[in-house]
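Here the structure comes first, spelled out in structure tokens, and everything after it is commentary.
All of the numbers you see were taken from the coordinates with simple rules; none came from a lab. Note that this is a predicted model, so its numbers are computed, not measured.
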Amino acid sequence: MNNSVRNTARLLGAGLRALLVLTVVCGVLYPLVVTGVAQAAFHGKANGSEVRQDGRTVGSELLGQRYDKGQDSKGNPVPDLRYFQPRPSAGLGSNKTNGINTRYDLQVSGATNQGAGNTDLIAAVRERKRWVAETYGVPQSEVPADAVTSSGSGLDPDISPAYAKLQVDRVAKENHLDRAKVARLVADTTEGRVLGFMGEPRVNVLKLNMGLKELAT
């Protein structure tokens, strides 16, 4: 009996010591080392790829955001056309008034899971295409796909160069700027394919609107 008690006590002691060591190593030392390396070698990415302007954080280059000037009588957000608008976010078709993305909520990231034949999706895309065409004064046939559909995550910060160029005239007019300067800003902000062959050319909307702010001041 005494041997059994001693063996049990010894095993419990060994288990507690192992628990303590593993807690210190895995719960304290390892996170501190990983965090330190990340902060030293990848400071920007480790902090969420924050973008700063005028001494303050204005967003992340990895996440889209809205540019509104309030809400209409139905509670729908009204896009501020002084700024370049992003592509629609998650929740396609939830805004029946102007067809633009209704949210960039990190808690609801994801696609709509609506198929190409879904009647709600088709109606929403048609409404957004009509709104974009009327707002920016182009035929519906010239409206890019990313202007009327959300990305898989619903949080894409980029738009296509075609959608950015489509907005140039209206943005220049709203800000009383020379169209050529705004068009040049779009060209300067456009990024090519990754490594020259992966993905598509893109324009980060946050960086584009930051450049627009500097251009307008």
Using a Cα-Cα cut-off of under 29 Å, which lysines could be cross-linked to K207, ignoring same-chain neighbours fewer than 8 residues away? K45, K69, K96, K129, K165, K173, K181
Measure nothing but the geometry: give the 0 to 90° angle between the long axis through the Cα atoms of 179-189 and the longest principal axis through the Cα atoms of the chain, rounded to 10°. 20
Based on DSSP H runs of at least 4 residues, each adding -39500 (n - 2.57), what is the mean residue ellipticity at 222 nm of the chain after dividing by all its residues, to the nearest 500 deg cm²/dmol? -14000 deg cm²/dmol
For the stretch 1-80 and the stretch 128-153, compute the distance between their C-alpha centroids and round to whole Å. 38
In degrees, nearest ten, helix 119-136 long axis to first principal axis of the chain (Cα): 50
